[in-house]
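Read the structure below first, then the notes.
The values are calculated or read from the model by the stated rules, or taken from the named source; none is laboratory data. The structure presented is a predicted model; accordingly, all values stated were derived computationally and were not measured. Positions of Cβ are backbone-derived with ideal geometry, glycine not excepted, and every protein chain shown enters the neighbour counts.
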Amino acid sequence: MKLEKAKKLLIILLVAMLCVAVVIMAADAMALPGFILCIGLLAAIVVVHLLYIRCPHCSEHLGRDWGEFCPHCGKKLQEENTDNL
């Protein structure tokens, strides 16, 4: 999975987890199933982060540094799109 797609997937999972958490707080009836779903979404976030948030050049894990350049090899993380020129 490419880095940009992994970042988008992480954001989607995080938003889904937050939505479930809001629903849990609003309705006590879904507390246990919602809590289990939140834990599952959190586990998915951790797995995606550990497996796919990596430099496309050196494959080192980026950690929390999603800047413009890899902190390990120094190469640019985002591919420049030259198709629209």
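Observations, loosely collected:
- Scanning the range 1-29 for residues that are touching a residue at least 24 places away in the same chain (Cβ under 8 Å) and among the hydrophobic types (A, V, I, L, M, F, W, C) yields M1, L3, A6, L9, L10, L13, L14, A16, M17.
- Residue match in the range 22-32 (condition: small (G, A, S) and either within 27 Å of D65 (Cβ to Cβ) or surrounded by 13 or more Cβ atoms within 10 Å (Cβ to Cβ) (or both)): no
- The set of residues from the range 48-60 being part of a loop (DSSP other than H, G, I, E, B) and surrounded by fewer than 13 Cβ atoms within 10 Å (Cβ to Cβ) comprises C58, S59, E60.
- Residue among V15, V20 that alone is more than 30 Å from H57 (Cβ to Cβ) and either in contact with an Asp or Glu (Cβ under 8 Å, 6 or more places away or on another chain) or not small (G, A, S) (or both): V20
- Condition met for L32 (part of a helix (DSSP H, G or I) and either modelled with pLDDT of 85 or more or within 12 Å of the chain's Cα centre (by Cα) (or both)): no
- Residue identified as assigned to a helix (DSSP H, G or I), exposed (fewer than 13 other Cβ atoms within 10 Å of the Cβ) and not acidic (D, E) among L18, L37, L14, L10: L18
- G63 meets the conditions (1) crowded, with 17+ Cβ neighbours inside 10 Å; (2) of a type outside the set (F, W, Y); (3) under 30 Å from K76 (Cα atoms) in every case but one. The failed one is (1).
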